[in-house]
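Worksheet for the structure shown next.
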Amino acid sequence: MPCLSSCPPGLLALMAPGLALMATFSLPSQAGDRRALPVEKPPGVKGRTLILLDVNTKSPVRIISENFLSLQLDPSIIHDGWLDFLSSRRLVTLARGLAPAFLRFAGKRTDFLQFHNVKNPAKSRGGPGPDYYLKNYEDDIVRSDIALDKQKGCKIAQHPDIMLELQREKAAQMHLVLLKEQFSNTYSNLTLTARSLDKLYNFADCSGLHLIFALNALRRNPNNSWNSSNALSLLKYSASKKYNISWELGNEPNNYRTLMGRSVNGSQLGKDYAQLRSLLQLIRTYSRAHLYGPNIGRPRKNVIAFLEGFMKVAGGTVDAVTWQHYYIDGRVAKVTDFLKTRLLDTLSDQIRKIQKVVNTYTPGKKIWLEGVGMTSGGGMNNLSDSYAAGFLWLNTLGLLASQGIDVVVRHSFLDHGHNHLVDQNFNPLPDYWLSLLYKRLIGPKVLAIHVAGLQRKPRPGRVIRDKLRIYAHCTSYHNHNYVRGSITLYIINLHRSRKKIKLAGTLRDKIVHQYLLQPYGKDGLHSKSVQLNGQPLAMVDDGTLPELKPRPLRAGRTLVIPPLTMSFYVVKNVNALACRYR
């Protein structure tokens with residue numbers, strides 16, 4: 001990545017495929033200085049920064065999946081009871097806002113999950129006990145509140161407030177159990193019943209999400225090969241219901257020795273995937289189902305060796321190669337971590353390592369970042385679920401798209417930690433609104449950008465980092481407010497001063513719609529509420545999503561990017577050739 005400290009002053013021209021701008025235009029003040037940039041000075045005054053921006057509109061440099069931004073649910077929702085609330089009208093509405101997308105059902109407890117084809121285990125034991133209604137939120141509790149969605153025939157519930165309050169109490173108690181398991185690395189077995197699978201699929205289908213189910217890979221035969229008997233039972237049940245599901249096997253298999261003291265190497269997992277593919281082909285419903293894997297962890301040396309062993313055996317078996325990435329150790333994170341450019345850039349090296357292995361064995365194979373969170377260990381309250389975490393999330397989306405990663409799966413939509421998009425009151429958190437804006441405005445075609453800037457020469461020895469990042473895509477075809485040929489820019493300003501960008505070339509003198517996202521309330525970067533163009537964002541009283549209204553800017557006006565903000569700009573009527581056709 002270029003560093004402007006080694007570049008001469010004056011006009012600087014950069015062009016990077018798909019990556020709009022990885023360059024900094026900064027005042028020579030010390031880090032943390034909150035003094036504002038004196039923007040009213042004339043262009044000739046010393047210290048003024050001018051940024052000129054143009055986009056290559058002839059052809060895209062990358063085309064990513066329509067489901068690029070996708071979601072994950074952790075099996076811990078079986079433990080803490082939230083699975084039984086996936087029929088909530090509010091949750092379904094929030095999930096629909098992010099469709100189309102994949103919904104991956106997987107996590108650390110994937111490999112402790114057992115399927116039992118029993119509709120209601122409590123009733124099969126002779127009926128519920130006296131505390132059944134408090135501990136088991138079965139469908140019959142809210143049967144009087146279940147309504148049919150006229151469009152899809154979905155089961156959608158309006159849960160009474162008292163049930164939600166009881167559930168939050170239960171989840172808080174279970175959260176302590178889950179944390180104890182996490183820190184001791186000893187996980188208890190989970191049972192997924194047929195009824196629970198029905199609820200999971202109902203949520204995905206009603207929300208317009210395609211379910212990806214990760215099967216238990218730690219069920220092993222004495223010779224360490226995969227025992228597929230339980231998986232076959234789940235496959236047969238799903239096929240009998242005609243559920244449209246894609247599949248995986250295991251979660252972060254390079255870490256099995258830590259989890260169970262029993263390791264599985266890449267070659268063996270490759271054979272297990274081949275076995276799973278054979279099982280799918282024997283079941284008519286899934287003979288052409290998609291299969292993804294191996295969902296390895298951070299690509300260190302031993303993990304790369306694992307991936308190489310897997311690719312040799314099963315590279316042609318999977319439809320996409322997958323891995324995970326978490327930026328920060330959740331136990332030591334602080335809000336300023338989310339502003340560090342070194343942290344934002346750690347992902348680039350991982351992408352290159354994964355691409356090198358995949359292209360060696362199966363050139364052109366799609367790659368997914370499947371399981372990404374701002375922090376590990378479930379995250380931290382008021383940090384990984386705050387406005388500040390959005391800088392990492394938006395940069396992740398821009399970086400992955402520009403480097404050709406086909407899908408990114410966000411961990412998690414709703415769970416027991418603090419990396420989620422929706423809290424336990426079913427209220428959207430800042431990263432949800434950021435994701436919603438991305439879905440509404442960003443199309444799959446990634447565009448290259450031309451940037452030129454004038455700035456003062458930095459002090460000798462001072463390192464200037466890339467605190468202003470710009471990415472460009474064709475505007476989403478699903479957004480009928482904009483004609484085809486429009487372009488959307490999204491910009492991250494990590495500076496503590498505002499920056500000005502002048503649109504040039506094909507973007508000159510075009511009408512621009514601004515979507516400026518800022519924290520709302522007195523908590524600043526720690527805020528769990530956001531405002532769009534100065535108006536706070538929240539679900540409407542009737543349970544629907546609000547209209548995301550832009551701020552029209554006068555044609556030819558310079559874009560003023562406030563400090564520590566994320567923003568989207570739709571440049572209308574560019575008539576970009578790259579964006580006129582699907």
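Calculated accessible area for the range 206-363 comes out at 42 Å² per residue, all protein chains present (probe 1.4 Å; ligands, DNA, RNA ignored).
Atom-type composition of the exposed protein surface of the range 528-582 places 47 percent of the accessible area on carbon and sulfur (1.4 angstrom probe).
What percent does the relative contact order of the range 398-542 come to when contacts are Cα pairs within less than 8 Å and at least six residues apart? It rounds to 17 percent for the range 398-542. Taking 0.36 nm per residue of separation and subtracting the current Cα-Cα distance, fully stretching the chain between L343 and L279 would add 18.9 nm.
Largest accessible area first, the listed residues S233, S240 line up as S240, S233 when surface is computed with a 1.4 Å probe on the assembled protein chains. Maximal additional length on extending the K170-S229 stretch stands at 18.0 nm, based on 0.36 nm per residue less the C-alpha distance. Remark: accessible surface ordering of R580, R554 (largest first) is R554, R580, probe radius 1.4 Å. Since only S527, Y515, P562 are under comparison, the one whose Cα sits farthest along the positive direction of the charge dipole of the range 499-563, derived from C-beta charges on Lys, Arg, Asp and Glu, is P562. At a threshold of 8 angstrom on Cα-Cα distance, excluding pairs fewer than six apart, so keeping six or more, what relative contact order does the range 159-288 reach in percent? Relative contact order, the range 159-288: 22 percent. Residues whose amide H lies under 5 Å from that of V321, counting only those 5 or more places away or on a different chain, are K366, I367, W368; hydrogens are built 1.01 Å from N in the peptide plane. For the range 489-582, the number of Lys pairs separated by eight or more positions or lying on different chains, with C-alpha atoms closer than 20 Å, is 8. Residues in the range 469-578 average 42 Å² of solvent-accessible surface per residue, probe 1.4 Å, ligands and nucleic acids excluded. Here D542 sits with roughly 110 square angstrom of accessible surface, probe radius 1.4 Å. Counted by Cβ distance under 15 Å from P519, the other residues give a net charge of 0, where Lys and Arg count +1 and Asp and Glu count -1.
In a fully extended conformation the segment linking S263 and T191 would gain 23.6 nm over its present Cα-Cα distance, using 0.36 nm per residue. So for the range 320-376, averaging the separation of alpha carbon pairs under 8 Å that are six or more residues apart and normalising by length, what relative contact order in percent results? So the answer I get is 72 percent.
Among the listed pairs K199/K271; K312/K356; K242/K439; K108/K170, those whose Cα-Cα separation exceeds 23 Å are K199/K271; K242/K439.
The values are calculated or read from the model by the stated rules, or taken from the named source; none is laboratory data. These numbers were taken from a predicted model, which means no experiment stands behind them. Backbone-built Cβ (ideal geometry, glycine too); neighbour counts: all protein chains shown. The accessibility values were calculated without ligands, DNA or RNA, using every heavy atom of the protein model including side chains. Shrake-Rupley method; radii C 1.70, N 1.55, O 1.52, S 1.80 Å.
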